[in-house]
Amino acid sequence: MIELYTWSTPNGRKVSVMLEECGLPYNVHRINIGARDQFAPDYVAINPNAKIPSIVDPDGPGGKPIAMMESGAILIYLSEKTGKFMPKDDRARYLVLQWLMFQMGHVGPMFGQVHHFVRNAKEQVPYAIARYVKEKDRLYGVLNARLGEVEYLAEEYTIADIATYPWVARYEWHKTDLNTYPNVKRWFDAISARPAVKRGMAVPAPVVPNPSAPVSPGTR
Ligand SMILES: N[C@@H](CCC(=O)N[C@@H](CS)C(=O)NCC(=O)O)C(=O)O
(Lines give C-alpha, C1' and ligand atoms only; values in the text may rest on other atoms or scores of the structure.)
Protein backbone atom coordinates (compact mmCIF):
# COMPACT_ATOMS: atom_id res chain seq x y z
CA MET A 1 0.00 0.00 0.00
CA ILE A 2 1.44 3.38 -1.02
CA GLU A 3 1.30 6.13 1.61
CA LEU A 4 0.29 9.48 0.08
CA TYR A 5 0.94 12.72 1.97
CA THR A 6 -1.17 15.42 0.43
CA TRP A 7 -3.55 18.36 0.67
CA SER A 8 -6.34 19.78 -1.51
CA THR A 9 -4.07 21.57 -4.00
CA PRO A 10 -3.19 21.02 -7.68
CA ASN A 11 0.22 19.53 -6.92
CA GLY A 12 -1.31 17.08 -4.44
CA ARG A 13 -4.10 16.10 -6.80
CA LYS A 14 -1.72 15.23 -9.63
CA VAL A 15 -0.61 12.28 -7.53
CA SER A 16 -4.05 11.19 -6.28
CA VAL A 17 -5.35 11.31 -9.88
CA MET A 18 -2.36 9.19 -11.02
CA LEU A 19 -2.84 6.65 -8.22
CA GLU A 20 -6.53 6.37 -9.15
CA GLU A 21 -5.75 6.10 -12.87
CA CYS A 22 -3.23 3.33 -12.18
CA GLY A 23 -5.57 1.49 -9.79
CA LEU A 24 -2.87 1.43 -7.11
CA PRO A 25 -4.12 1.13 -3.52
CA TYR A 26 -3.04 4.00 -1.24
CA ASN A 27 -3.56 5.53 2.19
CA VAL A 28 -4.10 9.28 2.40
CA HIS A 29 -2.30 11.29 5.08
CA ARG A 30 -3.70 14.81 5.35
CA ILE A 31 -0.91 17.40 5.56
CA ASN A 32 -2.81 20.60 6.28
CA ILE A 33 -0.45 23.21 4.86
CA GLY A 34 -2.60 26.01 6.32
CA ALA A 35 -1.95 24.54 9.77
CA ARG A 36 1.78 24.17 8.98
CA ASP A 37 1.72 20.35 9.16
CA GLN A 38 4.37 20.34 6.40
CA PHE A 39 6.98 21.58 8.87
CA ALA A 40 6.53 18.74 11.38
CA PRO A 41 9.92 17.00 11.76
CA ASP A 42 8.52 13.55 10.96
CA TYR A 43 7.09 14.93 7.71
CA VAL A 44 10.30 16.79 6.79
CA ALA A 45 12.08 13.45 7.17
CA ILE A 46 9.98 12.27 4.19
CA ASN A 47 9.98 15.57 2.26
CA PRO A 48 13.13 17.64 3.00
CA ASN A 49 11.56 20.59 1.09
CA ALA A 50 8.57 20.69 3.51
CA LYS A 51 5.92 20.74 0.76
CA ILE A 52 3.17 18.41 -0.38
CA PRO A 53 2.87 15.97 -2.10
CA SER A 54 5.07 13.04 -1.04
CA ILE A 55 4.72 9.29 -1.23
CA VAL A 56 6.25 6.37 0.59
CA ASP A 57 6.12 3.13 -1.36
CA PRO A 58 7.08 0.13 0.81
CA ASP A 59 7.61 -1.85 -2.39
CA GLY A 60 10.10 0.45 -4.15
CA PRO A 61 13.00 -0.47 -6.45
CA GLY A 62 14.65 -3.72 -5.40
CA GLY A 63 11.66 -4.45 -3.16
CA LYS A 64 12.87 -1.82 -0.68
CA PRO A 65 10.86 1.19 0.59
CA ILE A 66 11.28 4.51 -1.18
CA ALA A 67 10.18 7.99 -0.07
CA MET A 68 9.68 10.57 -2.81
CA MET A 69 8.94 14.29 -3.07
CA GLU A 70 8.31 16.50 -6.15
CA SER A 71 5.08 15.73 -7.98
CA GLY A 72 6.70 15.43 -11.41
CA ALA A 73 9.24 12.88 -10.16
CA ILE A 74 6.47 10.98 -8.36
CA LEU A 75 4.44 10.81 -11.60
CA ILE A 76 7.46 9.46 -13.50
CA TYR A 77 8.08 6.92 -10.71
CA LEU A 78 4.47 5.70 -10.73
CA SER A 79 4.37 5.51 -14.53
CA GLU A 80 7.56 3.42 -14.54
CA LYS A 81 6.31 1.24 -11.68
CA THR A 82 3.04 0.46 -13.47
CA GLY A 83 3.99 0.86 -17.14
CA LYS A 84 1.05 3.26 -17.53
CA PHE A 85 0.58 6.77 -18.97
CA MET A 86 4.10 6.91 -20.42
CA PRO A 87 4.68 5.48 -23.92
CA LYS A 88 7.50 2.98 -24.43
CA ASP A 89 8.69 4.52 -27.71
CA ASP A 90 11.64 6.91 -27.08
CA ARG A 91 10.39 9.77 -29.24
CA ALA A 92 6.94 9.67 -27.64
CA ARG A 93 8.46 9.43 -24.14
CA TYR A 94 10.61 12.54 -24.65
CA LEU A 95 7.49 14.39 -25.76
CA VAL A 96 5.83 13.42 -22.46
CA LEU A 97 8.86 14.59 -20.48
CA GLN A 98 8.93 17.87 -22.42
CA TRP A 99 5.29 18.70 -21.61
CA LEU A 100 5.68 17.44 -18.04
CA MET A 101 8.64 19.80 -17.54
CA PHE A 102 6.63 22.62 -19.15
CA GLN A 103 4.01 22.06 -16.46
CA MET A 104 6.55 21.80 -13.64
CA GLY A 105 8.60 24.81 -14.72
CA HIS A 106 5.92 27.15 -16.05
CA VAL A 107 2.25 26.28 -15.56
CA GLY A 108 2.44 25.33 -11.86
CA PRO A 109 4.75 28.12 -10.63
CA MET A 110 3.12 30.90 -12.69
CA PHE A 111 -0.51 29.94 -12.01
CA GLY A 112 0.49 29.59 -8.36
CA GLN A 113 1.82 33.16 -8.36
CA VAL A 114 -1.48 34.38 -9.84
CA HIS A 115 -3.39 32.59 -7.08
CA HIS A 116 -1.14 34.13 -4.46
CA PHE A 117 -1.24 37.71 -5.68
CA VAL A 118 -4.92 37.71 -6.67
CA ARG A 119 -6.33 35.75 -3.71
CA ASN A 120 -3.91 35.51 -0.80
CA ALA A 121 -1.56 38.49 -0.70
CA LYS A 122 -2.21 40.81 2.24
CA GLU A 123 -1.91 43.79 -0.09
CA GLN A 124 -2.86 44.13 -3.75
CA VAL A 125 0.31 44.62 -5.80
CA PRO A 126 -0.77 45.74 -9.31
CA TYR A 127 2.69 45.18 -10.83
CA ALA A 128 2.84 41.57 -9.59
CA ILE A 129 -0.76 40.83 -10.59
CA ALA A 130 -0.21 42.22 -14.11
CA ARG A 131 3.09 40.36 -14.51
CA TYR A 132 1.77 36.94 -13.51
CA VAL A 133 -1.65 37.26 -15.16
CA LYS A 134 0.09 38.17 -18.43
CA GLU A 135 2.36 35.13 -18.14
CA LYS A 136 -0.58 32.87 -17.21
CA ASP A 137 -2.44 34.09 -20.32
CA ARG A 138 0.65 33.47 -22.45
CA LEU A 139 0.87 29.89 -21.11
CA TYR A 140 -2.82 29.30 -21.88
CA GLY A 141 -2.00 30.42 -25.42
CA VAL A 142 0.80 27.82 -25.64
CA LEU A 143 -1.51 25.08 -24.32
CA ASN A 144 -4.32 26.14 -26.65
CA ALA A 145 -2.05 26.08 -29.70
CA ARG A 146 -0.67 22.66 -28.79
CA LEU A 147 -4.10 21.20 -28.11
CA GLY A 148 -5.28 22.53 -31.46
CA GLU A 149 -2.77 20.13 -33.07
CA VAL A 150 -3.12 17.02 -30.90
CA GLU A 151 -5.74 15.43 -28.65
CA TYR A 152 -3.54 15.37 -25.54
CA LEU A 153 -0.34 17.23 -24.75
CA ALA A 154 1.90 14.34 -25.79
CA GLU A 155 -0.62 13.00 -28.33
CA GLU A 156 -1.99 10.20 -26.10
CA TYR A 157 -3.25 10.68 -22.51
CA THR A 158 -0.15 10.64 -20.28
CA ILE A 159 1.35 11.98 -17.05
CA ALA A 160 1.86 15.32 -18.84
CA ASP A 161 -1.93 15.75 -18.91
CA ILE A 162 -2.31 14.37 -15.38
CA ALA A 163 0.19 17.01 -14.17
CA THR A 164 -1.42 19.92 -16.02
CA TYR A 165 -5.10 19.18 -15.48
CA PRO A 166 -5.39 20.03 -11.74
CA TRP A 167 -3.86 23.47 -12.40
CA VAL A 168 -6.28 24.25 -15.22
CA ALA A 169 -9.07 22.99 -12.94
CA ARG A 170 -8.38 26.08 -10.81
CA TYR A 171 -9.37 28.35 -13.75
CA GLU A 172 -11.82 30.25 -11.56
CA TRP A 173 -9.09 31.03 -9.03
CA HIS A 174 -6.91 32.55 -11.76
CA LYS A 175 -9.91 34.27 -13.35
CA THR A 176 -9.72 32.52 -16.72
CA ASP A 177 -12.68 31.90 -19.00
CA LEU A 178 -11.88 28.55 -20.62
CA ASN A 179 -14.18 29.45 -23.54
CA THR A 180 -11.41 31.86 -24.57
CA TYR A 181 -9.21 28.79 -25.14
CA PRO A 182 -11.50 26.31 -26.95
CA ASN A 183 -8.84 23.63 -27.46
CA VAL A 184 -7.93 23.71 -23.76
CA LYS A 185 -11.64 23.52 -22.92
CA ARG A 186 -12.13 20.47 -25.17
CA TRP A 187 -9.15 18.76 -23.47
CA PHE A 188 -10.30 19.84 -19.99
CA ASP A 189 -13.83 18.50 -20.52
CA ALA A 190 -12.52 15.16 -21.83
CA ILE A 191 -10.24 14.68 -18.81
CA SER A 192 -12.90 15.89 -16.36
CA ALA A 193 -15.17 13.07 -17.56
CA ARG A 194 -12.70 10.34 -16.55
CA PRO A 195 -13.97 8.49 -13.43
CA ALA A 196 -10.44 8.14 -11.99
CA VAL A 197 -9.89 11.88 -12.37
CA LYS A 198 -13.11 12.62 -10.51
CA ARG A 199 -12.00 10.33 -7.66
CA GLY A 200 -8.47 11.72 -7.55
CA MET A 201 -9.64 15.33 -7.56
CA ALA A 202 -11.74 14.61 -4.45
CA VAL A 203 -8.62 13.71 -2.40
CA PRO A 204 -8.21 14.44 0.44
CA ALA A 205 -11.85 13.97 1.32
CA PRO A 206 -13.28 16.69 3.57
CA VAL A 207 -13.40 15.75 7.24
CA VAL A 208 -17.01 14.93 8.05
CA PRO A 209 -17.85 16.06 11.61
CA ASN A 210 -18.84 13.15 13.81
CA PRO A 211 -22.42 13.99 14.88
CA SER A 212 -22.06 11.93 18.07
CA ALA A 213 -18.82 13.69 19.13
CA PRO A 214 -19.15 15.94 22.20
CA VAL A 215 -19.80 19.53 21.10
CA SER A 216 -17.97 22.33 22.83
CA PRO A 217 -19.91 25.58 23.23
CA GLY A 218 -19.63 27.91 20.26
CA THR A 219 -18.44 25.37 17.69
CA ARG A 220 -21.81 24.95 15.93
N1 LIG B 1 7.58 21.47 -7.10
C2 LIG B 1 6.81 20.96 -6.01
C3 LIG B 1 5.91 22.04 -5.45
C4 LIG B 1 5.20 21.59 -4.21
C5 LIG B 1 4.41 22.74 -3.58
O6 LIG B 1 4.69 23.92 -3.82
N7 LIG B 1 3.45 22.38 -2.74
C8 LIG B 1 2.66 23.39 -2.07
C9 LIG B 1 1.16 23.07 -2.18
S10 LIG B 1 0.65 22.97 -3.85
C11 LIG B 1 3.01 23.39 -0.59
O12 LIG B 1 3.29 22.37 -0.02
N13 LIG B 1 2.98 24.58 0.04
C14 LIG B 1 3.24 24.73 1.44
C15 LIG B 1 4.34 25.71 1.73
O16 LIG B 1 4.85 26.33 0.79
O17 LIG B 1 4.68 25.84 2.91
C18 LIG B 1 5.99 19.75 -6.47
O19 LIG B 1 5.54 19.78 -7.63
O20 LIG B 1 5.82 18.78 -5.71
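The values are calculated or read from the model by the stated rules, or taken from the named source; none is laboratory data. Everything numeric in this text was worked out from a predicted model, so none of it was measured. Cβ placement follows ideal geometry from the backbone for every residue including glycine, while neighbour counts extend to all protein chains displayed. When the accessible area is computed, the model is the full protein with side chains, heavy atoms only, and any ligands, DNA or RNA have been set aside. Shrake-Rupley method; radii C 1.70, N 1.55, O 1.52, S 1.80 Å.
Normalised by the number of residues in the chain, the mean separation of alpha-carbon contacts (under 8 Å, six or more apart) gives a relative contact order of 25 percent.
What is the total of Lys pairs in the stretch 123-201 with C-alpha atoms under 16 Å apart, excluding same-chain pairs fewer than 8 positions apart?
Lysine pairs, 8 or more places apart or on different chains, close enough: 4.
Near Val150, once Lys and Arg are set to +1 and Asp and Glu to -1 for all other residues with Cβ below 13 Å from its Cβ, the sum equals -3. Give the shape of the stretch 120-220 as rounded, prolate or oblate, defined through the alpha-carbon gyration tensor: a ≥ b ≥ c are the square roots of its eigenvalues, a/c under 1.5 means rounded, and otherwise the shape is prolate if a/b is larger than b/c and oblate if not. Taking the square roots of the gyration eigenvalues as a ≥ b ≥ c, the stretch 120-220 is oblate.
A simple charge model with +1 on the Cβ of Lys and Arg, -1 on the Cβ of Asp and Glu and nothing else charged puts the dipole of the chain at about 580 debye relative to its Cα centre. Assign one of three labels to the stretch 111-173, namely rounded, prolate or oblate, based on the Cα gyration tensor with a ≥ b ≥ c the square roots of its eigenvalues; rounded applies when a/c is under 1.5, prolate when it is not and a/b is larger than b/c, and oblate otherwise. Taking the square roots of the gyration eigenvalues as a ≥ b ≥ c, the stretch 111-173 is prolate. Count Lys and Arg as plus one, Asp and Glu as minus one, and take only other residues whose Cβ is under 13 Å from that of Gly108; the net charge is then +3.
The value for the stretch 8-62 of Rg(Cα) / (2.2 N^0.38 Å) is 1.19.
Count charges around Gly200 for me, please; just the other residues with Cβ under 13 Å from its Cβ, Lys/Arg as +1, Asp/Glu as -1. After counting each charged neighbour, the total is +2.
Arranged from highest to lowest average of other beta-carbon atoms within 10 Å per residue, in what order do the peptides 102-113, 14-25 appear? Before the final figure, lay out each step's value.
On the way: 102-113: 19.4, 14-25: 21.3.
Sorting 102-113, 14-25 by mean packing, highest first, produces 14-25, 102-113.
Largest mean-square fluctuation among Lys185, Lys136, Lys175, in a Gaussian network model of the chain whose springs join Cα atoms under 10 Å apart, belongs to Lys175. Sorting 145-153, 34-42, 161-169 by average packing, meaning the other beta carbons within 10 Å per residue, from highest down gives 161-169, 145-153, 34-42. Averaging the sequence gap over all C-alpha pairs within less than 8 Å and six or more residues apart, then dividing by the number of residues, gives the stretch 1-72 a relative contact order of 35 percent.
Seen from all directions on average, the chain presents a Cα convex hull projection of 15.1 nm².
Rolled with a 1.4 Å probe across the full set of protein chains, the surface gives Thr158 an accessible area near 0 Å². With contacts taken as Cα pairs under 8 Å at a separation of at least 6 residues, the stretch 145-194 carries a relative contact order of 37 percent.
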